[in-house]
Amino acid sequence: MGIYSDVLLTVDFDRTLTGPDSTVPQRNIEAIRYFMENGGAFTVNTGRGIPMSARNIFGKVPVNAPLLLYNGSADYDVDNGELTRVVPIPLDPAEVLTDIQAHFPLLHVEVQSTVGHHLLRKNPGWESYCDNNRCDWSYITPDTVPQPFIKFAVYGEFRQNTVASMYETTPWEAKLFDEVTEYIQTHYGHAVDTFRACARILDIHAKGTGKLNAARALQKKLGKKYLVCVGDAENDLPMLQGADAAYCPSDADIAHLFKNVCPCGEGAVAEVILEKIPAFFKKQK
């Protein structure tokens with residue numbers, strides 16, 4: 001039994017585990033190893049799917065529990081290289097994707113499958129974005145969506161090829177994203193939930209999934225007493241609100257809602273492991 005044996009720690013990837021430059025601070029890596037060596041269960045709880053996780057997480061971030069991918073819609077066993085749980089969207093992809101693209105022609109509708117990212121309309125900016133994030137990509141038609149249909153996303157314009165640029169928006173774009181969110185919730189809310197991954201990315205998944213439900217299910221499976229979570233954006237809110245202890249990097253979009261640690265680029269996850277979790281334990285005594 002180690003000092004962290006009662007804890008499952010799940011953390012968001014972009015701008016939580018990583019810094020703004022999309023790299024993982026070495027301080028985080030070292031603290032995660034220490035956490036696991038002392039009995040803790042650690043995993044990444046992210047909106048990313050297999051393609052981007054394969055390039056950016058697999059083999060680079062130490063974990064000892066299944067990855068929670070697609071905003072909680074799937075679990076991935078890193079050791080065996082397979083999905084162990086999948087919750088597909090219960091809608092006809094051809095119908096829903098065609099409808100949303102037609103109603104919002106200035107936005108980009110993307111399917112995130114288990115093999116790559118797929119866009120309906122040609123866009124060089126998106127190609128550069130995927131290449132920069134080392135993700136396989138292709139163009140599809142609504143009737144050739146790869147199965148299972150786990151997740152799709154709506155993007156704003158690709159002004160740069162980095163994830164960081166998707167956090168920057170204009171009042172006009174913010175209004176447009178409010179409109180597309182309302183449209184999807186009104187017409188498809190019986191089947192899906194929407195999550196604002198950042199200012200110019202809207203994620204869509206099967207209803208009732210989400211980071212919190214996935215984390216709590218994993219906590220139960222592993223037999224851990226406490227769920228501790230770290231995140232930075234709107235799609236992390238349910239996870240953070242439902243955790244036994246929750247923290248945000250001080251430069252997070254939702255930092256004003258939760259206890260803060262240092263900025264993400266300075267090792268926010270390490271600070272949670274080394275300082276916040278021990279302090280949390282003392283309060284439980």
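Can you tell me the orientation of helix 93-103 relative to the chain, as the angle in degrees between its alpha-carbon axis and the longest Cα principal axis, to the nearest 10? That works out to roughly 70 degrees.
Under the shape rule built on the C-alpha gyration tensor, where the axes satisfy a ≥ b ≥ c, region 5-136 is prolate, since a/c reaches at least 1.5 and a/b is greater than b/c. Couplings for region 116-132, taken from phi via the Karplus curve 6.51 cos²θ - 1.76 cosθ + 1.60 with θ = phi - 60°, read x, 10, 9, 10, 7, 10, 4, 8, x, x, 5, 4, 5, 4, 5, 4, 5 Hz in order; Gly and Pro are left as x.
For region 120-179, just say rounded, prolate or oblate: build the C-alpha gyration tensor, square-root its eigenvalues into a ≥ b ≥ c, call rounded for a/c under 1.5, and beyond that prolate if a/b exceeds b/c, oblate if not. Write out the running numbers ahead of the final one.
Details: a/c = 2.12, a/b = 1.35, b/c = 1.57.
Oblate.
Phi-derived couplings, Karplus 6.51 cos²θ - 1.76 cosθ + 1.60 at θ = phi - 60°, listed residue by residue for region 212-228: 5, 4, 5, 5, 5, 5, 5, 4, 5, 4, 7, x, 8, 6, 10, 10, 10 Hz, with x used for Gly and Pro.
Provide the three semi-axes, in whole Å and in decreasing order, of the ellipsoid equivalent to region 93-206 as defined by the square roots of 5 times the Cα gyration tensor eigenvalues. Numbers along the way, then the final one.
Values: eigenvalues 75, 69, 29 Å².
Value: 19, 19, 12 Å, ordered largest first.
Where only DSSP H runs of four or more residues are counted, the chain gives -9000 deg cm²/dmol as its mean residue ellipticity at 222 nm, each run worth -39500 (n - 2.57). Of the Cα atoms belonging to region 1-70, the radius of gyration and Dmax stand at 11.8, 36 Å.
Past the 30 Å Cα-Cα mark, which pairs from 151/276; 220/276; 60/175; 122/151? 151/276; 60/175, as the Cα separations exceed 30 Å there.
What ranking, highest mean first, results for peptides 110-118, 198-206 when packing means the other Cβ atoms within 10 Å averaged over each residue? Intermediate values should be presented prior to the final figure.
Values: 110-118: 20.8, 198-206: 23.0.
Result, highest mean first: 198-206, 110-118.
Pop the C-beta distance of residue 1 and residue 164 into the FRET formula with R0 = 51 Å and round what comes out to the nearest 0.05. Efficiency, from the Cβ-Cβ distance: 0.80. Note on region 196-267: Cα convex hull, mean projected area over all directions, 5.4 nm².
3J(HN,Hα) along region 105-114, derived from phi through the Karplus expression 6.51 cos²θ - 1.76 cosθ + 1.60 where θ = phi - 60°, amounts to x, 8, 9, 10, 9, 10, 9, 10, 9, 7 Hz, with x in place of Gly and Pro. Model label points for residue 134 and residue 275, set 7 angstrom from Cα along the Cα-to-Cβ axis, are 3.1 nm apart.
Relative to the longest principal axis of the Cα atoms of the chain, helix 26-37 runs at roughly 60 degrees.
Here the Debye sum runs over all C-alpha atoms of region 35-96 as equal scatterers in vacuum, and log10 of I(q)/I(0) at q = 0.16, 0.22 Å⁻¹ comes out as -0.55, -0.89.
What shape does region 143-257 take by its C-alpha gyration tensor, where a ≥ b ≥ c are the square roots of the eigenvalues and a/c under 1.5 counts as rounded, a/b above b/c as prolate, and the rest as oblate?
Oblate, since a/c reaches 1.5 and b/c is not below a/b.
For a paramagnetic label modelled on residue 255 (point 7 Å from Cα along Cα→Cβ), amide N atoms under 18 Å away belong, within region 1-41, to 12-23, 25, 28.
Quick check on the chain: what are the equivalent-ellipsoid semi-axes from the Cα gyration tensor, as sqrt(5λ), descending, whole Å? The partial results should precede the final answer.
Working: eigenvalues 198, 74, 62 Å².
Largest first, the chain gives 31, 19, 18 Å.
Taking the chain as a Gaussian network of alpha-carbon nodes connected by springs under 10 Å, the highest mean-square fluctuation of the residues 71, 123, 260 belongs to 123.
Bear in mind that the values in this text are calculations on the coordinates, not laboratory data. For clarity, every value in this text was computed on a predicted model and none was experimentally measured. With ideal geometry, Cβ positions are generated from the backbone for all residues, glycine too; neighbour counts draw on all protein chains shown.
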